[in-house]
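The values are calculated or read from the model by the stated rules, or taken from the named source; none is laboratory data. A quick note: this is a predicted structure, and the numbers were derived from the prediction, not measured. Using ideal geometry, Cβ is built from the backbone for each residue, glycine included, and neighbour counts are taken over all protein chains shown. Accessible surface is based on the protein model in full, side chains and every heavy atom, while ligands, DNA and RNA are left aside. Shrake-Rupley method; radii C 1.70, N 1.55, O 1.52, S 1.80 Å.
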Amino acid sequence: MANKFEKMEQSISQEMAEAQKKLIEKSFSKRPVEINLLQVLTNDSKPIFEKLTDKAKDIARKTYEKIYNTEGVNRLAGKLETALSQKRVNVYEEKLLTFKNAIDQIDYRINLFNQAEKELTDYKENFLKSNIPGLEGIDNQLKKIREEREKLLNKKDKIASKFEIEKNKRDVYVEKRNIIAQRLIDYYNQKIKPFEQKMEILNQRKNDLENKWKETTKQYEERIMVLEKQKNDLYQILTKIGLSERKINNDSTIKTLEKLINDTKKQLNSQRIAIEKQILEAEKRIEKINNRMRPQVEKRNEFLRIIERAPLDVSINKEEDNKEEEKEEKKEEVVKMEETEEKEKAIEMRIEEFLKYWDNYLKASSRKDFENYQFSEKQFIEKFNISPKKPMDIKNFVVLLKNFYDDYPKNQQDRVRMLIDDFIIQLPKEKGE
């Protein structure tokens, strides 16, 4: 058994990097992630794992979970996966351009055949009007043109199918890249948030000091103006009664007013120095916090630019869609809508039962959907402050369910709403079905 466990440990080490990528979408959760080791092992490793004792299996799980829940490892893996996804996107876009170029060349040749067919058909009609024999050669040429065009259309269809496959693969990696980048953005936003809160407080402090300086200046200047006016008024009166300028300047009241003016100006200057010192201190603290925050902002902006990086707009000319297929698709949509409305009216059960159905639906959908959108009954109950035993119809439950995912990123909300619509269709009409 010891040998088997050593093989298992070695296998896990070899697969750790790949398994890390597969589980990257949970990389930035602060709570520990519960790993289903069977989902990340290769087919060669699963038989060995299954033969281990429960204790050995538990050791293997804990070993993997300990590595997976290391915060730095997850961020590093997230950056690596973003770069790898972008590399994949670039590879698929190169293929798309190659396929598009091939299809454009085929379209060019098809257009030449179409033009030749039209010209030959017009020539044939004129030939018929002239009652001249020898139409067999023209008919033979028209037949060859149609055969060659058919070959080209078949070739185009094959390349177009490959084009769509590669485009879908490209879009999957674009979405994966954006999801991982968004997780990293959210992570760095959490790191930046405390700095922004401190900056906001300090900026408010700085604004308050600047406003205080304006108000203080206004009060002191008003006081100085009053004292200046009193001095000037007294100076005018003393001048009128015939006192000389020397005697006026030596007048005790004039001297007192001058002293008050000078003292007020000194007080204003002292206030200015004190407030400017406080403003300068606040600016220094703002700059210090900004310098500490800047590396996190730059890292976040790096991933913001990744999300803003639009995929290459590559499209091909397609043949007209089959009208009957469109009618069938519309008919299926109407049937689906009617079935959904019927179920929304008919189904009613306890909230805990709806949540159980939803949990099972996500498990059956895909591991990715289950990891992205699964939640506990407790989280749902606490968010809406309702009893799990409360009976409810499907329509009201769906409203709550959609509201639960309102905080999710836009691309994930679109996906979960599509899942909810399908979930309604698959619900049994009655409990117990």
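Below are the figures for this structure:
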item: Charge dipole of the range 208-311 about the Cα centre (unit charges at C-beta), most positive-ward option of T264, I248, L227; result: T264
item: Note, ³J(HN,Hα) from phi for the range 222-235, Karplus 6.51, -1.76, 1.60, rounded to Hz, x at Gly and Pro; result: 5, 5, 4, 4, 4, 5, 4, 5, 4, 5, 5, 4, 5, 4
item: Listed pairs K198/K383; K118/K155; K95/K402; K214/K259; K191/K284; K198/K402 exceeding 32 Å between Cα atoms; result: K95/K402; K198/K402
item: Solvent-accessible area per residue, Å², over the range 361-402 with all protein chains present [probe radius 1.4 Å]; result: 56 Å²
item: Apportionment of accessible area to carbon and sulfur, the range 226-311, percent (1.4 Å); result: 51 percent
item: Average accessible surface area per residue within the range 233-273, 1.4 Å rolling probe, Å²; result: 73 Å²
item: In Å, descending, principal axis extents of the Cα set of the range 155-224; result: 94, 26, 5
item: Heavy-atom accessible surface of the range 136-212: percent carbon and sulfur, 1.4 Å; result: 46 percent
item: Computed Rg/Rh of the range 212-281, alpha carbon atoms with Kirkwood Rh; result: 1.17
item: Span from the the range 257-315 Cα centroid across to the the range 346-370 one, whole angstrom; result: 51 Å
